[in-house]
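Notes follow once the structure below has been shown.
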Amino acid sequence: MRSIAIICKFSWVGISTSVINSALFWESKGYSVDLYLEKPDQIRFPLPDFSGYNITFIITEINRKKVIDDIVFRKTFFRNLKYDWIIGFDYSGLIRGGITCLFTSGKLIYHSLEFFEPKKGRIKDLVMKFLERCFSTKAKYIFTQDLFRRDYLALDLKQNHAKFRIVYNSPLSQATVEHKDYFRETFNIPKSKKIVLCVGSLIKEHWVIELVNSVDKWADDFILVLHGWFPHNDIRKYVLDKQNTLPGRIFISEKLFNNKDKIIPFQSCDIGFVGFMPINNNLKYAAGSAGKLYDFLQSGKPVVAYNTPGMKELISQAGIVFNHWMEIPGILNKLKSNYEEISSHCVAVNENYRFDVQYNTFFQSL
């Protein structure tokens with residue numbers, strides 16, 4: 001049987017749409033899939049249940065310094081194994097995958113999720129960037145999420161555009177326009193209220209502070225639900241203080257769903273919020289990599305989004321972008337006034353970005 005190895009070194013694999021969907025896609029094409037994960041956080045982000053699929057998790061905990069741990073990994077896990085393809089996710093997975101490919105016939109793919117931008121003066125980061133560029137050259141293909149990210153990576157990694165393939169960070173399946181009342185039942189929110197949902201990592205770089213600051217300017221029939229996790233206690237405290245000053249307008253939901261049920265929060269809101277502060281290249285070009293954007297579209301939920309490069313083109317007629325947070329209250333009113341029409345556009349736009357459609361285009365070209 002044909003086989004493929006997927007290599008990840010970040011802790012949040014359990015909620016990584018691109019990793020999970022890649023494993024499912026290759027398995028559907030008749031491949032045996034081995035998922036190599038380095039210290040995944042299974043408490044916050046449980047791994048999906050792949051029972052019935054030819055997908056195997058191999059969890060490693062190699063407590064060595066960078067690159068040395070990759071050499072130990074190859075010696076320990078890849079000495080007698082052969083794969084048709086090896087996919088390294090992000091720069092750390094690419095480097096580990098590149099080292100495992102040495103002296104083997106396996107073909108390497110670099111699937112980039114987050115840009116690696118070295119910090120000035122850090123020798124270790126410069127070494128990692130050098131290795132990322134070296135193994136990008138060795139890679140047969142480089143996957144990224146949109147044309148803006150492709151153009152940045154081609155320049156940053158010094159690679160030809162012909163090597164790149166666009167694979168959106170989107171769901172596998174067709175639109176599932178089914179409304180659920182999870183948030184209404186959990187927080188006793190009346191049906192007369194429109195739920196605006198901000199989901200994922202609740203940090204200032206995702207406009208969380210500005211978003212909660214705008215709530216008192218919203219029409220009375222809009223409320224905000226923040227669903228996800230607070231990596232920083234100061235942001236959590238700020239939101240809680242704001243929640244106390246605006247009773248019944250801001251709700252916090254921290255119960256995370258597994259991969260099978262992760263669509264429930266998106267089906268339980270009326271309008272989605274997506275925003276990234278362009279303080280670095282990774283956030284500046286985050287539109288195409290925002291998995292939550294596609295989850296809102298798949299669920300038929302209009303989106304209000306910050307106008308970073310490519311965002312307006314991505315959401316098309318399925319939402320409205322803003323340039324300043326003070327525009328949010330007016331945008332919400334516009335979305336409510338044309339809700340059914342905009343919701344129908346979400347379904348149409350979603351079909352353009354489906355993960356399986358994009359990936360299959362690549363697969364058919366092999």
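Structure data summary
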read-out: Inter-probe distance in nm under a simple model that places probes 7 Å from Cα toward Cβ, at Y339 and I203; value: 3.3 nm
read-out: Within straight-line cross-link reach of K191, lysines at Cα separation under 27 Å, skipping those fewer than 8 residues along the same chain; value: K180, K217, K242, K255, K260, K262, K292, K301, K334, K336
read-out: Computed magnitude of the charge dipole of segment 230-296 (debye, nearest 20; Cβ of K, R +1, Cβ of D, E -1); value: 60 debye
read-out: Dipole axis of the chain (+1 Lys, Arg; -1 Asp, Glu on Cβ), positive-most option in V72, Y353, H161; value: V72
read-out: Two-site label geometry, N54 and M1: point separation in nm, points 7 Å out along Cα→Cβ; value: 0.4 nm
read-out: Rg/Rh (Cα only; Kirkwood hydrodynamic radius) as it applies to segment 61-166; value: 0.97
read-out: Aspartates and glutamates with Cα under 14 Å of K39, excluding same-chain neighbours fewer than 8 positions away; value: E61, D69, D70
read-out: Distance between modelled label sites at S11 and F257, nm, 7 Å Cα→Cβ extension; value: 2.5 nm
read-out: Taking the chain and dividing mean pair separation by its residue count, relative contact order in percent (alpha carbons under 8 Å, at least six apart); value: 14 percent
read-out: Rg [Å, one decimal], Dmax [Å, integer] - segment 237-366, C-alpha atoms; value: 16.2, 58
read-out: Extension reserve of the K191-N281 stretch, reckoned as 0.36 nm per residue once the Cα distance is removed; value: 28.4 nm
read-out: Radius of gyration, Dmax [segment 185-263; alpha carbons; angstrom]; value: 12.5, 36
read-out: Per-q log10 I(q)/I(0), segment 2-108, q = 0.19, 0.20, 0.22 Å⁻¹ (Debye; single scatterer per alpha-carbon; no solvent); value: -0.94, -1.05, -1.26
read-out: Proportion of all alpha-carbon pairs of the chain beyond 35 Å (%); value: 26 percent
read-out: Gained length - R44 relative to H161, 0.36 nm times residue gap less alpha-carbon distance; value: 38.4 nm
read-out: Estimated FRET transfer efficiency (C134, N307; beta-carbon r; R0 25 Å; 0.05); value: 0.10
read-out: Cβ-based net charge around K107, under 13 Å, with every Lys or Arg adding one and every Asp or Glu removing one; value: +4
read-out: For I320, net neighbour charge (Lys/Arg +1, Asp/Glu -1) across residues whose Cβ lies under 11 Å away; value: +1
read-out: 222 nm mean residue ellipticity, helices alone, for the chain (DSSP H n ≥ 4; -39,500 (n - 2.57); rounded to 500); value: -11500 deg cm²/dmol
read-out: Mean accessible surface per residue for the chain, computed with a 1.4 Å probe while every protein chain stays in place, in Å²; value: 44 Å²
read-out: Residue (of N188, F257, W207) at the positive-pole extreme of segment 134-267, dipole from beta-carbon charges; value: F257
read-out: Net charge contributed by nearby residues that have their C-beta within less than 12 Å of V13 (K/R +1, D/E -1); value: 0
read-out: Candidate lysines for bridging to K163, where Cα separation is under 16 Å - those fewer than 8 sequence places away on the same chain excluded; value: K107, K138, K140
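The values are calculated or read from the model by the stated rules, or taken from the named source; none is laboratory data. Remember, predicted model here, so these are calculated numbers, not experimental data. Please note: Cβ atoms are built from the backbone with ideal geometry, for glycine as well, and neighbour counts cover all protein chains shown. Just the protein is used for accessible areas: all its heavy atoms, side chains included, with ligands, DNA and RNA removed. Shrake-Rupley method; radii C 1.70, N 1.55, O 1.52, S 1.80 Å.
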